[in-house]
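Chemist: Handing you a structure now.
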Amino acid sequence: MRKLVDSEKQMTCAVALAEMESVYRCSLLTRLAVERLERKSNDLLTYYNENHDWLQTLHILLFRYIGGNDNKEPMTKMARTVTSVMCLRERKMRCNVEALLFGASGLLEGRLLDGYCRQLMNDYEYLQQKYRFFTPLYIADWQRGNIYPSANPLVRLSQLVAILCDNDVLIDSLFACKSADDVCRLFDVESSEYWAKRCGATYSDGRPPRLGKTKANMLGINVVVPFLFVYGRQMNKQAYCDQAIDLLESLMAESNKYTRFWTGYGVPMLSASDSQALLQLSTCYCAENRCDECGLGKMIYKKD
């Protein structure tokens with residue numbers, strides 16, 4: 001199978017996949033999508049095994065993925081510091097949830113604080129004593145340069161506050177997600193006008209940005225779907241596993257360097273299930289030269 005390994009950007013495989021009968025291509029991509037979902041499940045279980053608490057597991061996942069690739073790690077640390085229990089207890093007082101997150105983030109460190117931020121820090125110090133928790137993160141932990149204003153961690157934290165406070169029990173809202181529209185409604189939140197202005201993230205008419213359909217779709221793929229799938233497996237509730245797979249098929253396909261390579265050769269990509277399958281193919285088979293273990297590689301090899 002040497003030629004598959006050496007072929008520039010897997011051109012041989014891309015052409016073969018594009019020309020494959022749709023029934024076989026669909027079967028192959030479905031297997032790859034489930035395989036990727038199972039890999040994500042293993043990652044999610046590491047969070048669950050920290051405390052065997054489904055609410056906290058969802059809490060960590062949400063923080064991790066709302067932060068984006070640039071701030072995934074500090075957001076994960078934040079979720080372990082400001083726990084789901086704290087946020088649930090304080091959710092009726094949005095200012096308290098805001099104080100917990102912004103205070104613990106360390107992002108106000110070294111800033112010239114106005115009256116609003118000083119009040120946040122005062123509330124944070126009180127809550128820190130109340131919960132007897134933690135050393136906050138440092139401002140240096142965060143990536144703040146070379147990112148869009150709408151992705152500034154201060155803006156993302158304000159959106160996170162809205163998600164946590166607008167849903168009485170977030171996990172119940174997640175279980176109710178059965179379509180892409182449900183996911184968009186779950187994450188259809190607006191940034192704080194205060195933080196949007198401070199970060200230069202407002203729209204041209206001065207409105208603060210909403211989380212956005214693309215970001216909501218990403219959270220559906222990386223938070224809602226894996227959580228439903230793992231919860232269903234662990235609790236022996238197949239309906240949630242089926243719901244996860246159906247939901248993945250209803251979400252929009254992602255566009256990135258991996259998926260654009262395959263679509264560039266004519267491989268159809270109809271949903272997030274397809275894009276996740278192509279991502280699995282690219283990163284876990286092509287990139288690691290595992291042609292002899294790859295369903296597509298085996299099919300091409302048999303033809304030769």
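No value in this document is a laboratory result; all are computed from the given coordinates. Note that the structure is predicted; figures quoted are calculated from it, not measured. Backbone-built Cβ (ideal geometry, glycine too); neighbour counts: all protein chains shown.
Chemist: R210's amide H: which non-local residues (gap 5+, or another chain) put their own amide H closer than 5 Å, with H modeled 1.01 Å from N in plane and none for Pro or chain starts?
Modeler: Those qualifying (amide H under 5 Å, at least 5 residues apart or on another chain) are S191.
Chemist: Now for a different question. For T283 paired with Q129, estimate the spin-label separation in nm (one decimal), with each label point 7 Å from Cα along the Cα-to-Cβ line.
Modeler: Calculated label separation equals 4.5 nm.
Chemist: How large is the dipole of the chain about the Cα centre if only Lys and Arg carry +1 and Asp and Glu carry -1, each at its Cβ, rounded to the nearest 20 debye?
Modeler: 300 debye
Chemist: Moving on. Output the peptides 126-139, 186-199 sorted from most to least packed, where packing is the average of other Cβ atoms within 10 Å over each peptide's residues.
Modeler: Per-residue Cβ counts within 10 Å, averaged per peptide and sorted highest first, yield 186-199, 126-139.
Chemist: List residues of the stretch 170-198, by number, whose backbone nitrogen lies under 12 Å from a label position 7 Å along Cα→C-beta of K237.
Modeler: 171-177
Chemist: Given T202, N122, V189, which one lies farthest toward the positive end of the charge dipole of the chain, if we put +1 on the Cβ of every Lys and Arg and -1 on the Cβ of every Asp and Glu?
Modeler: Positive-most Cα among the choices belongs to N122.
Chemist: Loop only per DSSP, at most 14 neighbouring Cβ atoms within 10 Å: give me the GluC sites (Glu not before Pro) in the stretch 209-289, ordered by residue number.
Modeler: Loop-located and lightly packed - E288.
Chemist: Please check: in the Gaussian network model of the chain (C-alpha springs, under 10 Å), which one of G200, G67, G103 has the largest mean-square fluctuation.
Modeler: So, out of G200, G67, G103, the one fluctuating most is G200.
Chemist: In whole Hz, with x marking every Gly and Pro, tabulate ³J(HN,Hα) for the stretch 182-194 from phi via Karplus 6.51 cos²θ - 1.76 cosθ + 1.60, θ = phi - 60°.
Modeler: 4, 5, 4, 5, 4, 9, 7, 10, 9, 5, 4, 4, 4
Chemist: List, in order, the whole-Hz ³J(HN,Hα) value for each residue of the stretch 269-276 obtained from phi through the Karplus relation with A = 6.51, B = -1.76, C = 1.60 and θ = phi - 60°; use x for Gly and Pro.
Modeler: 9, 9, 7, 5, 4, 5, 5, 5
Chemist: For R144 and Y194 in one chain, what is 0.36 nm times their gap in residues minus the Cα-Cα distance, to one decimal in nm? Walk me through the numbers on the way to the answer.
Modeler: On the way: separation 50, 0.36 × 50 = 18.00 nm, distance 1.77 nm.
Between R144 and Y194, full extension yields an extra 16.2 nm.
Chemist: Next up: Could you identify which residue out of E90, E21, E98 has the top mean-square fluctuation in a GNM of the chain using Cα springs shorter than 10 Å?
Modeler: Top of the fluctuation ranking is E21.
Chemist: Can you pull the one-decimal nm distance between simple spin-label points at E109 and D53, each 7 Å off the Cα toward Cβ?
Modeler: That separation, rounded to one decimal, is 2.5 nm.
Chemist: Per residue of the stretch 284-300, what does 6.51 cos²θ - 1.76 cosθ + 1.60 with θ = phi - 60° give for ³J(HN,Hα)? Whole Hz please, x for Gly and Pro, Karplus curve as stated.
Modeler: These are the phi-based 3J(HN,Hα) values: 9, 10, 4, 5, 9, 6, 9, 4, 6, 9, 8, x, 5, x, 5, 5, 5 Hz.
Chemist: Moving on to the next point. For G106, enumerate residues with amide H under 5 Å from its amide H, sequence gap 5+ or separate chain, H modeled in the peptide plane.
Modeler: Here the answer is L137, since their amide H atoms fall under 5 Å of that of G106.
Chemist: For the chain, modelled as a Gaussian network with Cα springs under 10 Å, which listed residue fluctuates most, K237, K72, K213?
Modeler: Comparing K237, K72, K213 in the GNM, the peak value goes to K237.
Chemist: Follow-up. Relative contact order for the chain: what percent, with Cα pairs under 8 Å and sequence separation of 6 or more?
Modeler: 24 percent
Chemist: Under the rule of -39500 (n - 2.57) per DSSP H run of 4 or more residues, summed and divided by the residues of the chain, what mean residue ellipticity at 222 nm is obtained, to the nearest 500 deg cm²/dmol? Please list the in-between numbers first.
Modeler: Working: 18 runs with 193 residues, N = 304.
Value at 222 nm, helices only: -19000 deg cm²/dmol.
Chemist: Ranked by Cβ crowding within 10 angstrom, fewest neighbours first, how are D70, D168, D274 ordered?
Modeler: Details: D70 16, D168 10, D274 25.
Placing the least packed residue first, the sequence is D168, D70, D274.
Chemist: Another question about this same structure. Taking loop as defined by DSSP and a crowding limit of 11 other beta carbons within 10 Å, which chymotrypsin sites (Phe, Trp or Tyr not before Pro) in the stretch 196-304 fit?
Modeler: Working: sites: Y203, F227, F229, Y231, Y240, Y258, F261, W262, Y265, Y285, Y301; in loops: Y203, Y265.
The qualifying sites are Y203.
Chemist: Using a simple spin-label model with points 7 Å from Cα along the Cα→Cβ vector, what separation in nm is obtained for T30 and T46?
Modeler: For T30 paired with T46, the spin-label model returns 3.1 nm.
Chemist: Let me ask another. List the relative contact order of the stretch 73-163 as a percent without decimals, with contacts defined as Cα pairs under 8 Å and 6+ residues apart.
Modeler: Rounded, it is 34 percent for the stretch 73-163.
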